[in-house]
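K.L.:
Sharing a structure here in structure tokens format.
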Amino acid sequence: MRRVAVLGSTGSIGASALAVLRRHPERFRVTALTAGSNQELLSRQIEEFRPSFAGLAAPGAASGGTAARGASCLIEAATRPDVDVVLNAVVGFAGLDATVAALRAGKRVALANKESLVAGGALVIEAARQGGGELVPVDSEHSAVLQCLGGRGPAARLTLTASGGPFRTWPIERIRDATVAEALQHPTWRMGHKITVDSATLVNKAL
């Protein structure tokens with residue numbers, strides 16, 4: 001039985017992860033949940049999964065029945081003794097401290113927070129070395145690269161492609177005048193504003 005902490009449980013990646021965990025109750029138990037500010041959805045998740053710890057990271061967010069408030073709840077959830085695997089699905093730089101803390105505590109970190117590596121890759125690798133933690137990329141591009149490299153020898157080249165977005169069929173001349181509202185109209189996925197714009201502009205590939 002693997003005990004799992006889901007950081008960013010109310011976002012698209014966190015919710016998808018919980019859907020997988022829900023299907024395998026014999027293999028996984030959710031022991032910690034954290035969200036940004038979505039108290040309503042977090043409360044429903046707490047009711048379903050009954051974690052031993054939960055918290056809201058956003059400053060001033062009303063916690064209701066959750067155990068903690070503020071950014072420190074991410075680190076607390078990531079380093080608890082009843083957690084074996086930490087899924088870090090927090091958006092942006094805010095996820096770095098929890099990634100480092102979890103690795104220093106010897107946890108397996110399923111990393112969907114690529115900004116942890118962009119902003120502090122050297123810190124993350126050193127934390128894993130010091131604490132004996134394991135870093136497993138689960139974000140789409142990183143996970144795909146890992147799977148391509150696994151057990152098949154050295155690769156001469158890796159090519160990242162886009163699956164499509166609001167500008168997929170637009171001519172370059174039109175894209176130059178695209179608005180933020182148009183960038184947010186992803187034809188397939190419903191994500192937060194930052195991730196949606198990153199996807200539309202291919203910044204997510206650069207990250």
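The values are calculated or read from the model by the stated rules, or taken from the named source; none is laboratory data. Since we're looking at a predicted model, the values are computed, not measured. Glycine also receives a Cβ, built like all others from the backbone with ideal geometry; neighbour counts cover every protein chain displayed. These accessible areas exclude ligands, DNA and RNA; they are computed on the full protein's heavy atoms, side chains included. Shrake-Rupley method; radii C 1.70, N 1.55, O 1.52, S 1.80 Å.
K.L.:
Would you mind finding the one in VAL109, VAL90 that is open to solvent by less than 60 Å² (accessible area, probe 1.4 Å), at pLDDT 95 or above and touching a Gly at 6+ places or on another chain (Cβ under 9 Å)?
P.N.:
Numbers: VAL90 fails: at pLDDT 95 or above.
That would be VAL109, the only listed residue that is open to solvent by less than 60 Å² (accessible area, probe 1.4 Å), at pLDDT 95 or above and touching a Gly at 6+ places or on another chain (Cβ under 9 Å).
K.L.:
Name the helices (runs of 4 or more DSSP H) wholly within the range 91-207 that hold at least 3 residues that are more than 27 Å from ASN38 (Cα to Cα)? Steps first, please.
P.N.:
Numbers: elements: 96-104, 115-131, 140-149, 172-175, 180-183, 193-201, 203-206.
Fully inside the range 91-207 and qualifying: 115-131, 140-149, 172-175.
K.L.:
So if I check each of ILE75, ILE46, which one is part of a helix (DSSP H, G or I) and out of contact with any helix residue (DSSP H, G or I) (no Cβ under 7 Å at 6 or more places or on another chain)?
P.N.:
On the way: ILE75 fails: out of contact with any helix residue (DSSP H, G or I) (no Cβ under 7 Å at 6 or more places or on another chain).
Matching residue, one of ILE75, ILE46: ILE46.
K.L.:
For VAL118, are the conditions met, namely being in contact (Cβ under 8 Å) with a residue 24 or more places away in the chain, closer than 21 Å to GLY11 by Cβ, open to solvent by less than 60 Å² (accessible area, probe 1.4 Å) and of a type in the set (Val, Ile, Thr)?
P.N.:
When the stated conditions are applied, VAL118 does not pass them.
K.L.:
If a residue has to be over 25 Å from SER140 (Cα atoms) and out of contact with any strand residue (DSSP E or B) (no Cβ under 8 Å at 6 or more places or on another chain) to count, how many in the range 1-49 make the cut?
P.N.:
Here the count works out to 6.
K.L.:
Could I ask something else about it? Can you tell me which of (1) loosely packed, with under 13 Cβ neighbours inside 10 Å; (2) within 30 Å of VAL83 (Cβ to Cβ); (3) of a type in the set (Ser, Thr, Tyr) is the one THR161 doesn't meet?
P.N.:
The single condition THR161 does not satisfy is (2).
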